[in-house]
Amino acid sequence: MTTEDRAQMAQGIALILLAAAVLQFGASLATAVMPVFGLAALVLVRYTMMAASHTALSVRLVPRITDRRQLWWGVLLAVPLLAMNVSIYLAFARIGVGMAVSIEMLGPTLLGAISSPHRRGWAYAALGLVGMVLLTGPTLSTDALGIAFAAIAGLSWAFYLLANRAAGRRLPGLVPSAMASLTGLVVLIPIALVLGTAQPLTWPVLLIGLAAGVLSSALPYALDVLAMRRVPMHVASTLQSSHPIAAVLFGAIVLGERLTPVELVGVALICTATTLVVRSARRQPRACSTQSQTRVSSEDSEAGERADGS
């Protein structure tokens, strides 16, 4: 690995960790005002902030796209992104931010195990499942529906990582997330207009909702797009293990959530499992690792040709 590769890797890791902290703080703020907004209106606010910022930053890059058919990759990214947003907030409402994000983390962990060339990656993923049992109870008695919503969010997260990487290789800058957010707005606006808000909005609540939209969507997803161009898939998916830690921290600070000692052990096991998965995956052959680190700065014009030829 060259000095430039190491620098790019370090930047990518820093971006992923920053995105986790920002997203979970924003998620805690959003959960605090969800009883007033309602689910549809709250997700709409998030998407509106994301679409406004990412589209503004992406307009100048559209002329660089030689094959407009590549824009469909941004539309594809909208599917797991919308599923992840809706299901995780449904989980927040039932089991809390810390527990929901910890269960959701099993999606990227499973992706890391699949991406790993070593069989022990599956053993590490099983360790994560043990952590979930400790977190939710052996009979999943905490709240079966809330756990199911968190699990759906986890699977959507894994597909989001795959789609984000594919779209990021074919589209420059924040075009993938801009396309995904605009597509999401097309779906959300009619639903939000029909359902409205759960309660009348006040200015303080509205401002908190807008801040949550920036922190939990616009900013972290921009950081994700940039990070996915700098680190291999198995590293990116595993570094998402910082999300449960951030969720537990901000859930306690913002929402007053408290996990029991056994539940905290479950969170620790899930984070440990994801760390072990990445340590195992990083031992893959050097050629594979080098290939995954190819710079997108030169791929923006070449990715379309590779896609056409595949």
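The values are calculated or read from the model by the stated rules, or taken from the named source; none is laboratory data. In this text, all values refer to a predicted model and were calculated from it rather than measured experimentally. Positions of Cβ are generated from backbone atoms using ideal geometry, with glycine treated the same way; all protein chains shown enter the neighbour counts. Side chains are part of the model used for accessible areas, which takes the heavy atoms of the whole protein and leaves out ligands, DNA and RNA. Shrake-Rupley method; radii C 1.70, N 1.55, O 1.52, S 1.80 Å.
Here are a few things to note about the model shown:
- Positions within the range 49-58 being among the hydrophobic types (A, V, I, L, M, F, W, C), surrounded by fewer than 20 Cβ atoms within 10 Å (Cβ to Cβ) and at pLDDT 85 or above, in sequence order: A52, A56
- Looking at V262, V205, just one residue is in a helix (DSSP H, G or I), more than 21 Å from the chain's Cα centre (by Cα), at pLDDT 85 or above and closer than 30 Å to M179 by Cα, and that residue is V205.
- Consider the range 229-258 and keep the residues that are part of a loop (DSSP other than H, G, I, E, B) and open to solvent by less than 10 Å² (accessible area, probe 1.4 Å). The one that is nearest to A125 (Cα to Cα) is Q240.
- Test result for S28, hydroxyl-bearing (S, T, Y) and surrounded by 22 or more Cβ atoms within 10 Å (Cβ to Cβ): yes
- Apart from one condition, V214 fits all of (1) modelled with pLDDT under 90; (2) farther than 15 Å from V43 by Cα; (3) open to solvent by 50 Å² or more (accessible area, probe 1.4 Å); the exception is (2).
- Only one entry of L135, L71 meets the criterion of being touching an Asp or Glu at 6+ places or on another chain (Cβ under 6 Å) and at pLDDT below 85, and that entry is L135.
- Residue check for T272: of a type in the set (S, T, N, Q), at pLDDT 85 or above, open to solvent by 30 Å² or more (accessible area, probe 1.4 Å) and not in a loop (DSSP other than H, G, I, E, B): yes
- The listed residue being in contact with a Pro (Cβ under 6 Å, 6 or more places away or on another chain) and not hydroxyl-bearing (S, T, Y), out of R6, R64, R60, R46: R64
- Answer from T55, T31 - the residue that is touching a residue at least 24 places away in the same chain (Cβ under 8 Å), in contact with a Phe, Trp or Tyr (Cβ under 7 Å, 6 or more places away or on another chain) and either part of a helix (DSSP H, G or I) or aromatic (F, W, Y) (or both): T31
- Scan the range 177-195 for residues that are out of contact with any Ser or Thr (no Cβ under 7 Å at 6 or more places or on another chain) and either of a type in the set (K, R) or open to solvent by 30 Å² or more (accessible area, probe 1.4 Å) (or both) and the total you get is 10.
- Test: residue in the range 50-68 that is among the β-branched types (V, I, T) and closer than 30 Å to V97 by Cα: yes
- Pick from the range 59-98, criterion polar (S, T, N, Q) and crowded, with 17+ Cβ neighbours inside 10 Å, ranking: farthest from A167 (Cα to Cα): S87
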